[in-house]
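Visitor: Quick one: the structure is below, questions incoming.
The values are calculated or read from the model by the stated rules, or taken from the named source; none is laboratory data. As the structure is a prediction and not an experimental result, all values here were calculated from the model. A quick note on method: Cβ atoms are made from the backbone with ideal geometry, for glycine too, and the neighbour counts reach across all protein chains shown. SASA here: full protein model, heavy atoms, side chains in, ligands and nucleic acids out. Shrake-Rupley method; radii C 1.70, N 1.55, O 1.52, S 1.80 Å.
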Amino acid sequence: MDKAVATMVDLLYKNKQTMPDNDYISLMDNLKTISQYRPKIFNKKHVVRYKLKTEICFIEDLSQYEEIKKDVYNGQSMVYMESEDEFNEDYERMKTIDTHAHYYCYSSEIIDTDINTFHETLRLIGEAKKHTLDYYLNPQVMQEHQREVQEYYYDYKNTWDKWIRILNDVAYEVVDIEYIGITN
(Lines give C-alpha, C1' and ligand atoms only; values in the text may rest on other atoms or scores of the structure.)
Protein backbone atom coordinates (compact mmCIF):
# COMPACT_ATOMS: atom_id res chain seq x y z
CA MET A 1 0.00 0.00 0.00
CA ASP A 2 2.91 2.35 0.75
CA LYS A 3 4.26 1.84 -2.77
CA ALA A 4 0.90 2.70 -4.32
CA VAL A 5 0.62 5.89 -2.27
CA ALA A 6 4.22 6.86 -3.15
CA THR A 7 3.49 6.34 -6.87
CA MET A 8 0.37 8.49 -6.65
CA VAL A 9 2.29 11.26 -4.83
CA ASP A 10 4.92 11.22 -7.59
CA LEU A 11 2.25 11.48 -10.29
CA LEU A 12 0.57 14.37 -8.49
CA TYR A 13 3.89 16.17 -8.07
CA LYS A 14 4.66 15.80 -11.80
CA ASN A 15 1.20 17.13 -12.75
CA LYS A 16 1.19 19.89 -10.11
CA GLN A 17 1.49 22.70 -12.69
CA THR A 18 -1.59 21.55 -14.63
CA MET A 19 -4.03 21.54 -11.69
CA PRO A 20 -5.35 24.21 -9.31
CA ASP A 21 -3.51 24.56 -5.97
CA ASN A 22 -6.62 23.73 -3.91
CA ASP A 23 -7.11 20.43 -5.77
CA TYR A 24 -3.44 19.55 -5.36
CA ILE A 25 -3.54 20.26 -1.57
CA SER A 26 -6.80 18.33 -1.16
CA LEU A 27 -5.48 15.28 -3.03
CA MET A 28 -2.21 15.32 -1.06
CA ASP A 29 -4.15 15.49 2.24
CA ASN A 30 -6.29 12.55 1.14
CA LEU A 31 -3.19 10.52 0.21
CA LYS A 32 -1.64 11.35 3.58
CA THR A 33 -4.80 10.07 5.32
CA ILE A 34 -4.76 6.89 3.22
CA SER A 35 -1.09 6.25 3.99
CA GLN A 36 -1.73 6.57 7.74
CA TYR A 37 -4.40 3.88 7.65
CA ARG A 38 -2.93 0.51 8.48
CA PRO A 39 -5.10 -2.59 8.52
CA LYS A 40 -4.91 -4.67 11.67
CA ILE A 41 -2.31 -7.38 11.55
CA PHE A 42 -3.34 -10.46 13.50
CA ASN A 43 0.11 -11.81 14.38
CA LYS A 44 0.12 -11.96 18.20
CA LYS A 45 -0.46 -15.58 19.14
CA HIS A 46 -2.28 -16.47 22.36
CA VAL A 47 -3.52 -19.64 23.94
CA VAL A 48 -6.98 -19.26 25.49
CA ARG A 49 -7.73 -21.75 28.24
CA TYR A 50 -11.39 -22.06 29.05
CA LYS A 51 -13.87 -24.31 30.74
CA LEU A 52 -17.39 -25.38 29.99
CA LYS A 53 -19.46 -25.39 33.15
CA THR A 54 -22.85 -26.92 33.86
CA GLU A 55 -24.57 -26.76 37.23
CA ILE A 56 -26.90 -29.53 38.33
CA CYS A 57 -29.19 -29.01 41.31
CA PHE A 58 -30.89 -31.67 43.35
CA ILE A 59 -32.99 -32.05 46.49
CA GLU A 60 -31.71 -34.85 48.65
CA ASP A 61 -34.08 -37.64 49.56
CA LEU A 62 -34.32 -36.75 53.24
CA SER A 63 -37.43 -36.44 55.40
CA GLN A 64 -36.64 -32.80 56.24
CA TYR A 65 -37.18 -31.86 52.58
CA GLU A 66 -40.47 -33.71 52.09
CA GLU A 67 -42.54 -30.64 53.06
CA ILE A 68 -40.69 -28.44 50.57
CA LYS A 69 -41.23 -31.01 47.82
CA LYS A 70 -44.97 -31.05 48.58
CA ASP A 71 -45.48 -27.30 49.16
CA VAL A 72 -43.29 -25.80 46.46
CA TYR A 73 -43.48 -28.45 43.71
CA ASN A 74 -46.79 -30.21 44.53
CA GLY A 75 -44.88 -33.40 45.25
CA GLN A 76 -44.06 -33.87 41.57
CA SER A 77 -40.44 -34.29 40.53
CA MET A 78 -41.33 -33.37 36.91
CA VAL A 79 -42.43 -29.89 38.06
CA TYR A 80 -39.06 -29.50 39.81
CA MET A 81 -37.09 -30.76 36.79
CA GLU A 82 -38.76 -28.24 34.48
CA SER A 83 -38.61 -25.28 36.87
CA GLU A 84 -36.38 -22.36 35.99
CA ASP A 85 -36.05 -21.10 39.57
CA GLU A 86 -32.71 -19.80 40.81
CA PHE A 87 -30.60 -22.07 43.01
CA ASN A 88 -31.98 -22.11 46.56
CA GLU A 89 -29.24 -22.99 49.02
CA ASP A 90 -31.78 -23.63 51.81
CA TYR A 91 -32.90 -26.95 50.39
CA GLU A 92 -30.95 -27.62 47.18
CA ARG A 93 -27.48 -28.96 46.66
CA MET A 94 -25.40 -28.25 43.58
CA LYS A 95 -22.94 -30.26 41.56
CA THR A 96 -20.79 -28.38 39.05
CA ILE A 97 -19.34 -30.26 36.10
CA ASP A 98 -16.33 -28.58 34.47
CA THR A 99 -14.60 -29.56 31.24
CA HIS A 100 -11.33 -27.77 30.57
CA ALA A 101 -9.99 -27.09 27.07
CA HIS A 102 -7.95 -24.56 25.09
CA TYR A 103 -7.49 -23.10 21.64
CA TYR A 104 -5.00 -20.80 19.93
CA CYS A 105 -5.89 -17.42 18.49
CA TYR A 106 -4.14 -14.56 16.73
CA SER A 107 -4.99 -10.99 17.72
CA SER A 108 -3.89 -7.53 16.63
CA GLU A 109 -2.79 -6.62 20.15
CA ILE A 110 -1.60 -8.43 23.25
CA ILE A 111 -4.50 -9.68 25.37
CA ASP A 112 -3.69 -9.46 29.07
CA THR A 113 -6.28 -9.80 31.83
CA ASP A 114 -4.14 -7.61 34.10
CA ILE A 115 -4.23 -4.71 31.64
CA ASN A 116 -7.56 -5.21 29.84
CA THR A 117 -10.90 -5.09 31.58
CA PHE A 118 -13.18 -8.12 31.48
CA HIS A 119 -15.25 -6.68 28.62
CA GLU A 120 -12.17 -5.57 26.64
CA THR A 121 -10.73 -9.07 27.01
CA LEU A 122 -13.93 -10.64 25.67
CA ARG A 123 -14.02 -8.14 22.78
CA LEU A 124 -10.40 -8.89 21.85
CA ILE A 125 -11.01 -12.64 21.98
CA GLY A 126 -14.10 -12.15 19.80
CA GLU A 127 -12.13 -10.12 17.23
CA ALA A 128 -9.15 -12.50 17.23
CA LYS A 129 -8.61 -14.94 14.41
CA LYS A 130 -9.04 -18.43 15.84
CA HIS A 131 -6.65 -21.16 14.84
CA THR A 132 -9.01 -23.08 12.58
CA LEU A 133 -7.94 -26.57 13.55
CA ASP A 134 -8.23 -25.95 17.31
CA TYR A 135 -11.35 -23.85 17.16
CA TYR A 136 -13.41 -26.11 14.95
CA LEU A 137 -12.28 -29.37 16.54
CA ASN A 138 -13.57 -28.11 19.88
CA PRO A 139 -17.05 -29.57 19.30
CA GLN A 140 -15.38 -32.74 20.61
CA VAL A 141 -14.84 -30.87 23.87
CA MET A 142 -18.51 -29.91 23.91
CA GLN A 143 -19.54 -33.50 23.25
CA GLU A 144 -17.29 -34.71 26.07
CA HIS A 145 -18.78 -32.16 28.44
CA GLN A 146 -22.35 -33.08 27.50
CA ARG A 147 -21.53 -36.76 27.95
CA GLU A 148 -20.23 -36.09 31.48
CA VAL A 149 -23.34 -34.05 32.34
CA GLN A 150 -25.72 -36.70 31.03
CA GLU A 151 -23.79 -39.45 32.76
CA TYR A 152 -23.98 -37.73 36.13
CA TYR A 153 -27.60 -36.64 35.62
CA TYR A 154 -28.95 -40.06 34.70
CA ASP A 155 -26.78 -41.87 37.23
CA TYR A 156 -28.16 -39.69 40.01
CA LYS A 157 -31.70 -39.93 38.70
CA ASN A 158 -31.67 -43.71 38.32
CA THR A 159 -29.61 -44.55 41.42
CA TRP A 160 -30.63 -42.04 44.07
CA ASP A 161 -33.62 -39.88 43.36
CA LYS A 162 -35.66 -38.21 40.62
CA TRP A 163 -35.47 -34.76 42.23
CA ILE A 164 -32.72 -33.39 40.00
CA ARG A 165 -32.56 -30.58 37.41
CA ILE A 166 -30.01 -28.87 35.21
CA LEU A 167 -29.69 -25.24 36.30
CA ASN A 168 -27.82 -23.90 33.27
CA ASP A 169 -27.11 -25.64 30.01
CA VAL A 170 -23.47 -24.72 29.35
CA ALA A 171 -21.54 -21.67 30.49
CA TYR A 172 -18.28 -20.73 28.76
CA GLU A 173 -15.69 -19.29 31.14
CA VAL A 174 -12.27 -18.00 30.11
CA VAL A 175 -9.82 -19.31 32.69
CA ASP A 176 -6.51 -17.96 31.38
CA ILE A 177 -5.01 -16.19 28.39
CA GLU A 178 -1.33 -16.62 27.71
CA TYR A 179 0.61 -14.55 25.19
CA ILE A 180 2.93 -16.78 23.17
CA GLY A 181 4.58 -14.33 20.77
CA ILE A 182 4.52 -12.75 17.34
CA THR A 183 4.14 -14.98 14.32
CA ASN A 184 4.94 -14.19 10.72
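Visitor: If ligands, DNA and RNA are left out, what is the accessible area of residue 127 with a 1.4 Å probe, given in Å² to the nearest 10?
Guide: 70
Visitor: For a quick check of understanding: with a 1.4 angstrom probe and all protein chains in place, what accessible area in square angstrom does residue 7 have, to the nearest ten?
Guide: 80
Visitor: What is the percent carbon and sulfur in the accessible area of the chain, measuring with a 1.4 Å probe over the protein chains and ignoring ligands?
Guide: Details: 6340 of 12580 Å².
Carbon-and-sulfur percentage of accessible area, whole number: 50.
Visitor: Residue 33 to residue 19: extension gain in nm, 0.36 nm per residue of separation minus the Cα-Cα distance?
Guide: Details: separation 14, 0.36 × 14 = 5.04 nm, distance 2.05 nm.
Roughly 3.0 nm would be gained on extension.
Visitor: For the chain, give the magnitude of the charge dipole about the Cα centre (Cβ charges: +1 Lys/Arg, -1 Asp/Glu; no others), in debye to the nearest 20.
Guide: Charge dipole of the chain: 1440 debye, to the nearest 20.
Visitor: Here's something else I'd like to know. Within a Cβ distance under 9 Å of residue 182, other residues only, what is the Lys/Arg minus Asp/Glu net charge? Write out the running numbers ahead of the final one.
Guide: Details: positive: 44, 45; negative: none.
Net of charged neighbours comes to +2.
Visitor: Figure the gain on full extension for residue 178 and residue 40 (residue separation times 0.36 nm, minus the Cα-Cα span) and round it to one decimal in nm.
Guide: On the way: separation 138, 0.36 × 138 = 49.68 nm, distance 2.03 nm.
That pair, residue 178 and residue 40, stretches by 47.6 nm at full extension.
Visitor: Given the protein chains as shown and a 1.4 Å probe, how many square angstrom of residue 144 are accessible, to the nearest 10?
Guide: 70
Visitor: So, one more: Residue 91 versus residue 159, label points 7 Å from Cα toward the beta carbon: distance in nm?
Guide: 2.5
Visitor: When the chain is treated as a GNM, springs tying every alpha-carbon pair under 10 Å, which of 98, 90, 112 comes out with the largest mean-square fluctuation?
Guide: The residue that fluctuates most here is 90.
Visitor: For a quick check, take a GNM of the chain with Cα springs below 10 Å and name the residue from 16, 70, 53 with the largest mean-square fluctuation.
Guide: Of 16, 70, 53, the Gaussian network model singles out 16 as fluctuating most.
Visitor: Averaging the inverse of every distinct alpha carbon separation and then flipping it gives the Kirkwood radius. What is it for the chain, in angstrom units? Before the final figure, lay out each step's value.
Guide: Working: mean 1/r = 0.0462 Å⁻¹.
Across the chain, the inverse of the average 1/r is 21.7 Å.
Visitor: In addition: Sorting 81, 94 by accessible area (1.4 Å probe), largest first, what list results?
Guide: Details: 81 35, 94 70 Å².
The most accessible residue leads, giving 94, 81.
Visitor: Once you list every other residue whose beta carbon is under 13 Å from the beta carbon of residue 16, what net charge do they have if Lys and Arg are +1 and Asp and Glu are -1? Provide the component values of the computation, followed by the final result.
Guide: Numbers: positive: 14; negative: 10, 21, 23.
Net charge in that neighbourhood comes out at -2.
Visitor: Residue 171 to residue 62: extension gain in nm, 0.36 nm per residue of separation minus the Cα-Cα distance? Display every interim value, and only then the final one.
Guide: Details: separation 109, 0.36 × 109 = 39.24 nm, distance 3.01 nm.
Residue separation times 0.36 nm, minus the Cα-Cα distance, leaves 36.2 nm.
Visitor: Accessible area per residue, 1.4 Å probe, Å², for the chain: what's the number? Show your work: numbers first, answer last.
Guide: Values: 12580 Å² over 184 residues.
Computed with neighbouring chains in place, this is 68 Å² per residue.
Visitor: Then there's this: Excluding residue 71 itself, calculate the net charge of residues whose Cβ lies under 14 Å from the Cβ of residue 71, where each Lys or Arg counts +1 and each Asp or Glu counts -1. If you can, show how the numbers build up before the last one.
Guide: Numbers: positive: 69, 70; negative: 66, 67, 85, 90.
That sum, taken over residues with Cβ under 14 Å, equals -2.
Visitor: While we're here: In deg cm²/dmol, rounded to 500, what helix-only [θ] at 222 nm does the chain give when every DSSP H run of at least 4 residues adds -39500 (n - 2.57) and the total is split over its residues?
Guide: Working: 7 runs with 80 residues, N = 184.
So the calculated ellipticity at 222 nm is -13500 deg cm²/dmol.
Visitor: If I model a spin label at residue 143 and residue 72 as a point 7 Å from the Cα along the Cα→Cβ vector, what separation in nanometres do I get?
Guide: 3.7
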